[in-house]
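Heads up: the structure comes next, in structure tokens.
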Amino acid sequence: MTLFAEGQDKQALENVDIRPLFGDEEEAAVLELLRAGTISQLSTETVARFEQEFADYIGVSHAVAVHSGTAAVHTALIAAGVTAGQEVIVPAFTFIGTVGPVLHQHAVPVFADIDPASFCLDPDSVEQRITPNTKAILAVDLFGQAADWEPLQHLAAKHGLALVDDACQSHGATYQGKKLGSIAPLTAFSFQESKNMTTGEGGMVTTYDPDLAAICRQVRQQGEQTWGHIARVGYNYRMTALQAAIGRAQLQKLEQFNARRAAIAAAYREGLGSLPLVLPAPMSYGQHVYHVYSFLLPAALAPRRQEVAEALREQGVPIGIAYPKPLYHSPVFQHLDVEPCPKSEDIASRVLTLPTAPSLGVETAKAIAAVTAQVITGFVA
Ligand SMILES: *Cc1c(COP(=O)(O)O)cnc(C)c1O
């Protein structure tokens, strides 16, 4: 299986490619299902096989496939017992896919601040926000790096809280030697196109608890316990067999994809290391899988971040901003009484994000880093 063809590394920034990588394996698997006329979850074993292989890879007993990462977070929150009016502590600095499902449950997101070293939840900030109405902590392993789970587990145990992991950006990342997906009782993954492995759209909940797995299966399948017997409010969150077939092939390549992402991150670190930037650094407690490469401009440049981004784009650098502001500034959260999160504010004001898609190639990443360094030097000087 060759993932990266000879000469695929492009020298220039003219053809920057961040599309997912597919090969003969995905193509053959999809064709087989199409020819057999078995493309849904209910018509073949493909989804069940993908679940088993994903569970084995993560090192848990159960994986439940759903049709998006957002559906996976929602399903996990339901299995954790989150209901209307309860508080769920979430990071202020994350993607809306983390927090939307809290609203779907008519629960109350309580935004906590992040640790600037990891970009993930700060356990001290979480502790300050625990009230008698707190039901769960929903932590995110942001940008491919684990949150610091041990203190969060300690808080959850001390206060009797459910713990849910949004690992939608962290397939294959580890915490203290164990893969994410096996740390919290419930973990959500996404297979959306930009993620470390993809099925186009798709998601998975992993758990080591058979009772929680059974609830997740009901939630995915209309709340059904047995045919015609509806145990709870459910959804149609099923994944198609076509998605699962692609997922099975992608899972075989995940470690190679992640190695390529790490090599791209190393190229960025080397190219940007001499500038006064804050670059992402792997925490000592686990392995980073670099979903993206988010770094910080010097504080003095925060007011000019948009200008810097535009100058980079003009030079062909595929720069993004993940994420431009703490989530609580969005209109959908205006009804909430939010305690400010100064570290999230600061980081969101000066973050810039480079892609680490394996299709970029290391040579292109070096070229991106060189051009980025040149442009930013012009602003720093
Ligand atoms: C992608 C993502 C989601 C949602 O996943 P979808 O598959 O896009 O629904 C949730 N949380 C985080 C942190 C994500 O990156």
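Test GLN169 against the criterion of being within 12 Å of the ligand (Cβ to nearest atom), at pLDDT 95 or above and in contact with a helix residue (DSSP H, G or I) (Cβ under 9 Å, 6 or more places away or on another chain), and give yes or no.
Working: within 12 Å of the ligand (Cβ to nearest atom): yes; at pLDDT 95 or above: yes; in contact with a helix residue (DSSP H, G or I) (Cβ under 9 Å, 6 or more places away or on another chain): yes.
So GLN169 passes the test.
How many residues does region 340-381 contain that are touching a residue at least 40 places away in the same chain (Cβ under 8 Å) and not in a helix (DSSP H, G or I)?
Total satisfying the criteria: 9.
For residues that are of a type in the set (Phe, Trp, Tyr) and surrounded by fewer than 19 Cβ atoms within 10 Å (Cβ to Cβ), tally how many sit in region 238-289.
Matching residues across region 238-289 total 1.
How many residues are assigned to a helix (DSSP H, G or I), open to solvent by 10 Å² or more (accessible area, probe 1.4 Å) and either at pLDDT below 95 or closer than 13 Å to PHE333 by Cβ (or both) when one looks only at region 101-126?
Within region 101-126, residues that are assigned to a helix (DSSP H, G or I), open to solvent by 10 Å² or more (accessible area, probe 1.4 Å) and either at pLDDT below 95 or closer than 13 Å to PHE333 by Cβ (or both) number 1.
Tell me which of these GLU26 doesn't satisfy, since it passes every other one: (1) open to solvent by less than 30 Å² (accessible area, probe 1.4 Å); (2) within 21 Å of TYR237 (Cα to Cα).
Result: GLU26 fails condition (2) only.
For SER182, state whether it is at negative phi, within 13 Å of the chain's Cα centre (by Cα) and not charged (D, E, K, R).
On the way: at negative phi: yes; within 13 Å of the chain's Cα centre (by Cα): no; not charged (D, E, K, R): yes.
No, not satisfied.
Could you pull out every one of the strands (runs of 3 or more DSSP E) wholly within region 185-277 that has 2 or more residues that are within 16 Å of the ligand (Cβ to nearest atom), in contact (Cβ under 8 Å) with a residue 24 or more places away in the chain and not hydrophobic (A, V, I, L, M, F, W, C)?
Filter on region 185-277 gives 186-190, 203-207.
So if I check each of GLU345, GLU310, GLU363, which one is on the phi < 0 side of the Ramachandran plot and open to solvent by 70 Å² or more (accessible area, probe 1.4 Å)?
Numbers: GLU345 fails: open to solvent by 70 Å² or more (accessible area, probe 1.4 Å); GLU363 fails: open to solvent by 70 Å² or more (accessible area, probe 1.4 Å).
On inspection, the qualifying residue turns out to be GLU310.
Residue by residue, here is whether (1) of a type outside the set (Val, Ile, Thr); (2) closer than 16 Å to GLU53 by Cα; (3) in contact with a Pro (Cβ under 7 Å, 6 or more places away or on another chain) holds:
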residue: VAL205; (1), (2), (3): no, yes, no
residue: LEU212; (1), (2), (3): yes, no, yes
residue: GLN222; (1), (2), (3): yes, no, no
residue: GLY247; (1), (2), (3): yes, yes, no
residue: ALA259; (1), (2), (3): yes, no, no
residue: LEU272; (1), (2), (3): yes, no, no
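Before we move on, is THR174 within 11 Å of the ligand (Cβ to nearest atom), among the β-branched types (Val, Ile, Thr) and farther than 23 Å from THR83 by Cβ?
Values: within 11 Å of the ligand (Cβ to nearest atom): no; among the β-branched types (Val, Ile, Thr): yes; farther than 23 Å from THR83 by Cβ: yes.
Taking the combined requirement at face value, the residue does not satisfy it.
Which residues, taken from region 80-117, are under 21 Å from ARG232 (Cα atoms), more than 12 Å from the ligand (Cβ to nearest atom) and small (Gly, Ala, Ser)?
Matches in region 80-117: ALA80, GLY81, ALA84, GLY85, ALA107.
Are any residues in region 48-79 away from the ligand (no atom under 16 Å from the Cβ), on the phi < 0 side of the Ramachandran plot and within 22 Å of the chain's Cα centre (by Cα), and if so, which ones? Write out each step before concluding.
The initial filter retains those residues of region 48-79 that are away from the ligand (no atom under 16 Å from the Cβ), namely 48-49, 51-53, 55-62, 79.
From what's left, on the phi < 0 side of the Ramachandran plot: 48-49, 51-53, 55-58, 60-62, 79.
Matches in region 48-79: GLU51, GLN52, GLU53, ALA55, ASP56, TYR57, ILE58, VAL60, SER61, HIS62, ALA79.
What pairs come up if the first residue lies in region 71-92 and is open to solvent by 10 Å² or more (accessible area, probe 1.4 Å), the second is in a loop (DSSP other than H, G, I, E, B), and their beta carbons are under 6 Å apart, counting only those six or more places apart or on different chains?
Every condition considered, the pairs that remain are ALA84/HIS106; GLN86/ALA107; GLU87/ASN133.
Residue-by-condition table, conditions (1) modelled with pLDDT of 95 or more; (2) surrounded by fewer than 23 Cβ atoms within 10 Å (Cβ to Cβ); (3) among the aliphatic types (A, V, I, L, M):
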position: GLN128; (1), (2), (3): yes, yes, no
position: LEU142; (1), (2), (3): yes, no, yes
position: PRO151; (1), (2), (3): yes, yes, no
position: LEU163; (1), (2), (3): yes, yes, yes
position: THR187; (1), (2), (3): yes, no, no
position: ASN196; (1), (2), (3): yes, no, no
position: GLU201; (1), (2), (3): yes, yes, no
position: ASP209; (1), (2), (3): yes, yes, no
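The values are calculated or read from the model by the stated rules, or taken from the named source; none is laboratory data. Because the structure is a prediction, the values reported are computed rather than measured. All Cβ positions, glycine included, derive from the backbone under ideal geometry; neighbour counts span all protein chains shown. Surface accessibility is based on the protein's heavy atoms, side chains included, excluding ligands, DNA and RNA. Shrake-Rupley method; radii C 1.70, N 1.55, O 1.52, S 1.80 Å.
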